[in-house]
Structures are given as structure tokens and as C-alpha cells.
1. Please go through segment 362-381 and give me each residue that is more than 21 Å from the chain's Cα centre (by Cα) and not in a loop (DSSP other than H, G, I, E, B), ordered by number.
2. Look at V122 and say whether it is in contact with a helix residue (DSSP H, G or I) (Cβ under 8 Å, 6 or more places away or on another chain), under 29 Å from E308 (Cβ atoms) and assigned to a strand (DSSP E or B).
3. Residues in segment 133-156 that are crowded, with 19+ Cβ neighbours inside 10 Å and touching a residue at least 24 places away in the same chain (Cβ under 8 Å): how many?
4. Hey, can you tell me all the residues within segment 157-201 that are among the hydroxyl-bearing types (S, T, Y), part of a loop (DSSP other than H, G, I, E, B), over 16 Å from H269 (Cα atoms) and in contact (Cβ under 8 Å) with a residue 40 or more places away in the chain?
5. Which of the following residues is free of Cβ contacts under 8 Å to residues at least 24 places away in the same chain and either farther than 23 Å from N322 by Cα or in contact with a strand residue (DSSP E or B) (Cβ under 9 Å, 6 or more places away or on another chain) (or both): P371, P381?
6. Would you check which residues across segment 388-404 are touching a residue at least 60 places away in the same chain (Cβ under 8 Å), in contact with a Ser or Thr (Cβ under 7 Å, 6 or more places away or on another chain) and not small (G, A, S) and list them?
7. For the list (1) under 17 Å from F520 (Cα atoms); (2) in a loop (DSSP other than H, G, I, E, B); (3) touching a His at 6+ places or on another chain (Cβ under 9 Å), I need the number of the one condition that I638 fails.
8. Any chance you could count how many residues in segment 186-208 are farther than 20 Å from V258 by Cα and under 19 Å from the mean Cα position of the chain (by Cα)?
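The values are calculated or read from the model by the stated rules, or taken from the named source; none is laboratory data. Everything numeric in this text was worked out from a predicted model, so none of it was measured. Neighbour counts are summed over all protein chains in view; Cβ atoms, including those assigned to glycine, are modelled from backbone coordinates with ideal geometry.
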Amino acid sequence: MSATEQPVLMRNGTTQATPVDVGRSSPVGVRLVPGGANFSLYSRHASEIELLLFDHENDARPSRVIRMDPIVNRTYHYWHIFAAGVHAGQIYGFRVHGPFDPVTGLRFDSSKVLLDPYARAVVVPKAYSRSAAGIEGDNTATAMKSVVIDPGAYDWEGDTPLNRPSSRTIIYEMHVRGFTANPNSGVDSPKRGTYAGLIEKIPYLQELGITAVELLPVFQFDVQDCPLGKVNYWGYAPVSFFAPHRAYSSRQDLLGPVSEFRDMVKALHRAGIEVILDVVFNHTAEGDHNGPTLCLRGIDNTTYYILEQDRSRYANFSGTGNTLNANHPIVRRMIVDSLRYWVEEMHVDGFRFDLASILARDSSGHVMANPTVLWDIETDPALAGTKMIAEAWDAAGLYQVGTFVGDSWREWNGRFRDDVRDFVRGADDSVSRLANRLLGSPDIYGHEQREAEQSVNFVTCHDGFTLNDLVSYNEKHNEKNGEGNRDGANDNRSWNCGIEGPSDDPEVEKLRNRQIKNFFAITLLSLGVPMIVMGDEVRRTQHGNNNAYCQDNEISWFDWALLSPHAEVCRFVRLLIARRLMRDLEYERQRVSLNQLLLHTRKVWHGVKLGQPDWSPWSHTLTLAADVPGDHLQFSFILNAYWKTLDFELPILSEGLQWRRWIDTTLETPSDIVEWRTAEPVSGQSYHVGPRSVVVLLSGLELEEHDR
């Protein structure tokens, strides 16, 4: 690095000539080197950039301002400088000068302090103001700022990502804050609602049996990106793709959130639980043309965002005001760099991509046959083996479930959600669709030589009703969101079991419990990767709110007081998961595709009568009899969504074998599900299946030998 004499503006308003090395363009972001740090920032259209160094996050002015000369400190479109004396914990930001010309898409505003897109940590001043970043004037005192970290300064104690096969994966979608924010969590403040708080509850996750947590967004986001003065609770409002969200850390020192996040990952790995991040690479918190200037907008608006033909407006395929220009070379490099960082430096095991279909759009918004960014992610050697899950649609109507580009991507199967909901609530024309969902959705994925785990099967997720509310409400009740109940989906495919909302009628509650067990049984026994949602196993309710994105309170939090009154549902889920993992341990060894699995597995469809499945639109019953791959068991999966009890004929077994009841959701606990090896024999050639219930019968030599 070569040194030049440059005027550096000091906090007292004076300037002094200081030797400043010009720095290097690589790597992008900040890197600590002997004697200081190298800063590099990409901006094609900027005319001048200033590096601002701060002593404290709440400072109204920087302690040093270092100007980057457009001749000396610029290589190609990378602006770079070496700042002496900088160390881990240094707070910094940028001012980027250039034309404010929205007609051409340029929105430079040198009065705004901007985040480094590659910053590994972010601080939020007490006076942070989103609105101040969206109006004229200096916002230094109210702006988020970046923090220099030393990524290698952490003892992982030999930890590495777990690389658990998808066939052995049970996903638990959860919210870091919501999991322990409730005072009844038993977690002491200030760990409540933090990464450290989650660590304290790992024994609960182990007991439940899940193998992976899928965390709602943990990238630093703007909590003020929410209408009507509420808060953004879900976190789908990123301002950084590298920094863990500071408010989720019990440690508020400058470097604390990074270390605490790593502590959480390490602790989960020790418990055998993978960490999957819900990542948002489709938009940012900067919003539409009226939004604030926080980072990318003020650095190089036309590079980072997809703009409409009217360059003063943003394309809005995300439904949130803007769309990241993901297939631009600079942006796609940033996305891949982010993923690599979270895998290599933060040890996460996978990612679920929010509105992933947006990543298939080019800079004009058109859908690409071979999106560069998706293939960059797919083929990156550092990401090989990392779980990649796509929400294969966007807010503008692009729906790619079954056709998402790539060979290794898993997909949220939205059709599984809809079709299983329809069957369980007793909708017409749902039996044939359910049959496909049970078998890994071959009608969607059968054209590809892929394993059944391409399909991530779920009935509920953060967005929509909880499982309790799915069986308790016919209509959404989002009044507390303050939008006149206009927000949230109207098509919920729910059924309230006869009464809207809470009920003290024991028969209604009994039916709701049964329906919830039915949903769990179908989800956890179908081919594919099952995903369940935080609190569904204890009937967590949002009181009919199906869009609780702004509810950082008891509406969204896990209510630990539910563990006792709904212990039977939790037990049901726990035993289902335990058997699922035993089955998949054998299946994992086969490593066969979905088509091979279906081709070589003996399976027969029945209805109430053997060999007579009823595929008519008004049918509500179905039986699948099949061999369980690898463990020499046969099972009969009987589903009765009809409102009356029916007698189902049982398949005839080989001599010496008999059917044994593992699950019957009409029975009271503990008979509703038993340890599978202790399943009791059933007599006769038919089974009395109660209304709206699921029955699973097992047979095999191993069971007979165990009984002896």
C-alpha cells in the first residue's frame, strides 16, 4: 500500500494532514490488517466517498472523517482506503456523494450516514430514526452504523456444520425472540428473547425430537419498517446481509451479538440440531421511492435495485416496495459472499430463501431460464452440502413449485399445505390430491430424478394461522394489526369445528385436538422433509390473527404455560417424530430417488372396501397399505375425514402376522399413539374408524418377536 498526505477532519472541526494509505479494492468490506484496517466499497456512480469513524454509537458527529480521493482511492468502481489505528470494535459509516437524479435512478444523498453492505456487525443508536433517513438533512446522530469485527477471534472448539441428510431432518420453524420472550419461559432477563435464551431451551427441542431449527430472519433488520407506528416483529426488513440482529443478543457490547450467535450455533450443534436461516435476498428495508436512505439506495441505487421503466420507481415483485437486483454481477457476488460467510464463519447448516423466485428475475424483472445467481449458489464449492430451501414463488404471481431451477434445492411445498388442509376439513375433491402429497408429490416432482426430500411438507408456517387457529377459526381476525382486518390471506382453508374462537365445550375441544393430531400425523408420515411451527405442538394461538408480522407480544410469543394443558398433543408429536427418525435411518442408507422409491415399494390404495379406493370428488376416505422401506414393516394408513364412523376392511397378512394399532386419533391419551414396538394387536378383518380421524396399523416379524 502506498501512502499519501490527506486532510483528515477531526471531531473538533480541525483538519490535519495525515499519512493515509490508499488501500486495496479486495476484499470488499473491511478487513483488519497490521496497523489498521482496509475499507473497500463498490459504487459505480459516486463522485466522492467519505469514511466516517465514530467513538460511540450515539455520537452526533464522527471523530474522524477520511476522504477517499476519486483518483487515488479508486480502482475501477471500487473505492478503498487503509485507515491506521482501526481495530475490532471500531464504529464506522460512509457518506457517498453523487447526483440526486431520480429520473435516471440515481438517489445519492451525502447528508445521510450509510451502512457498509458487507458489515459483520451493526449498532443502533438509542435515537435511531427511520423517518430521519427519509427526509432532508443530516442524520448522523440517528443513523445505524457499522462495526469492525475480527471474524477469526472466536474459539469454535472443533465445531463444524452437521451435514445431516435431508432424509433425517425434522424442521422446527421458530422465532428467536418469540421462543423465550414470554416471562413464563423461565429464562431470566436479559437473556429472555435472545440467542442466549434459546440456548437455555435446547433441552426442550431435544425432548421434542426435532433435528433442525429454521430461524425467522436474524440478519440485522429495521424494526421501524412497519406501518402505523408498530414494530416489524418477523424481521423481513433487512438492512444488512452479514450482521446478526443486535436486539436478539443479551450482550450489547459492540462485538457481543456475533459471539452470542456463534455460541447458540455451537450449542445447538452439540445437541445434534442444525441451524437453518430464513434469509431475505429479495428486498431491503429501504422500501419504495418514499423510503429511507440507509445503505444500498445511497451507495448505488441503479446497481442494487430493479427499477421500473420510470427510473424513479422501484419494481415491486416482493410486495414490500422494492426488489433487489439479484442477478447483477455485484449483487449476486454479495449474496454468495453472504452465504459463504454464514457457512464458513458462523457455521450455519442451511438457508430458506424468502420469495426465492425473485432470484430468477433479471434486471428488467423478466424470468430467466437459467438465473445466474441461483447457479452461482448451487455450484459454489464452499456451499456444497449446505441445505438450500426455496420458497418458490413471489408476490407478483410467479409460482415455481416443482420447477425451481437447480439440482439440489428443496422447496416449500405450498400445495401440500393447501391439499392437506382441504382433506382434513372435509372439502370435496381432495382425496386424489392428498394421495399425491402422502407419496412425496410425484405429480409435482416426479419428472425429476430427485429424492422425496425435494418436498418440504408443512401445514402451517409463520405466515398464516397457527395449527390451533386452523381448527378454531373460519375467518381471520387481524383487527389488532390496525389495518381494518384487510391484511393477511383470506383463503385459509380452515374449519372452526363448529364454534368461532375459544370454546369451553368439551366435545368441540376434543374434536379440535383430534384434528390437530390428524394434521401432525399426515405431515410427519408423508414422504418429504416435514416442517412444524414453534408452539403448534402445544396449541399456541394467535387468537385468529393470520398475519402477526407486527405483534411483538403474547400474540406471537411461545406461551410456555400451554405445556401442561396440552401435554397430550406434545406427547403425540414427540412419539411421531421418534418413529419417523427410526424409519428414515433405514431409508437414508438406500439413497434412492422419489421415482425409484415409489417403483420398488409395494403399495396398494384401498377405500372402505379392500381394493376399492374412492377417488370421486365427494369422497372423504382413503387407505394406503405399503411396506416401510428398509425395516421389514407393513403399515396401513387409514384416513377418514368423513363426519361418521366407518368400518374399513383390513388388508390380508401373511400367516403368523397380525395388525397392531400404533395410532388412532379418536382414542384418549395414551392410547392415541403408543411406542410403536408395544402396539397392541387388533382383532377381526375390519377396523372401526371414528369420524375425522387417522389410524395407523403396523405389522411385521420384528413386532411379533418383540411381543414374544
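1. V367, T372, T379, P381, listed by residue number.
2. no
3. Of the residues in segment 133-156, 10 are crowded, with 19+ Cβ neighbours inside 10 Å and touching a residue at least 24 places away in the same chain (Cβ under 8 Å).
4. T194
5. Just one listed residue meets the conditions, P381.
6. D394, L398
7. I638 satisfies all of (1) under 17 Å from F520 (Cα atoms); (2) in a loop (DSSP other than H, G, I, E, B); (3) touching a His at 6+ places or on another chain (Cβ under 9 Å) except (2).
8. Of the residues in that region, 1 qualify.
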